[in-house]
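I have placed the structure first, in the form of structure tokens, so that the comments after it can refer back to it.
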Amino acid sequence: EWLQEYHRVQRASAEEQLPAPVERFLADHPTTFLLATNVVGDSATLRAATIFRSQRHWLSEVLPFFAERPQLGLIVRAHPDEEWLSATIVERMGDLAAQFARGAPNILILKSSDRVSSYALIRRVRAGLVWMSTIGVDMIIRGVPAIAAARPKYGGLGIVWEPSSPKEYFDLVLQFARQPARPSPQQSEMGKRYLSVIGKEFSFQAFGSAFRGRDLTL
């Protein structure tokens, strides 16, 4: 019951059939990666940059990399919460990604308003590319490797791959493209523990209905 009050980011069920254009893209590009962005302006992303200066810089490097390799596919999924926070969003990542993709046929842009579940996509891709989103953990526990381009809140726990340079980052992408990989049991177990702590044990419900966020120091 505690889960029912959570904000539902995804507007489509993971069990819904993917739209026909997405299915066609996946059929045409059997080695496809899923790139999931964060909402620009989200305080969680502050001071998270490591090997790329910003999400903009990350996209400006990753999308041309894929555009130059037509044998690979890339689905860019803008965070659905851009719609929920539309009044404060100054830069939509789907629009930005489209600029850097420049119409490359092996790159599919799904904007925040598109009714597609990110979790339905996870099951269909070779690997995930995240800035620092928790969906990186969701990928790992579903058996899909994920590479973080920034410092996630779960950084250093051994859950996702965290390259230390752009070269190492792109070498990992090519490695996963050549040979399918699965996260280790240890990565999956730590991912489940992390999600349990932040989703259930460390929640307003866990502390009771009278709990106030200002009463807690992280």
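Coordinate-derived values only; no laboratory data. All values reported here derive from a predicted model rather than from experimental measurement. Every residue, glycine among them, receives a Cβ derived from its backbone with ideal geometry; neighbour counts consider all protein chains shown.
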Potential extension, residue 14-residue 56 segment - 0.36 nm per residue separation minus Cα distance: 12.3 nm
Taking θ = phi - 60°, what integer Hz values does the Karplus form 6.51 cos²θ - 1.76 cosθ + 1.60 yield along the stretch 58-65, in sequence order, with x for Gly and Pro? 4, 5, 5, 9, 6, 5, x, 4
Once phi is turned into θ = phi - 60°, what whole-Hz ³J(HN,Hα) does the Karplus curve with 6.51, -1.76 and 1.60 give for every residue of the stretch 140-150, x standing for Gly and Pro? 4, 6, 9, x, 10, x, 9, 10, 8, 9, 10
Could you compute the net charge surrounding residue 195? Neighbours are other residues with a C-beta less than 12 Å from the C-beta of residue 195; K and R count +1, D and E count -1. +2
Neighbours of residue 119 by Cβ distance under 11 Å: Lys/Arg at +1, Asp/Glu at -1, summed charge +1
Using a 10 Å cut-off on Cβ atoms, rank the peptides 169-175, 119-125 from the highest mean neighbour count down. 119-125, 169-175
From the backbone phi of the stretch 109-114, what are the Karplus-calculated ³J(HN,Hα) couplings (6.51 cos²θ - 1.76 cosθ + 1.60, θ = phi - 60°) in whole Hz, Gly and Pro given as x? 9, 10, 6, 4, 7, 5
Give me the net charge for the shell around residue 105: Cβ to Cβ below 13 angstrom, other residues only, Lys and Arg +1, Asp and Glu -1. +1
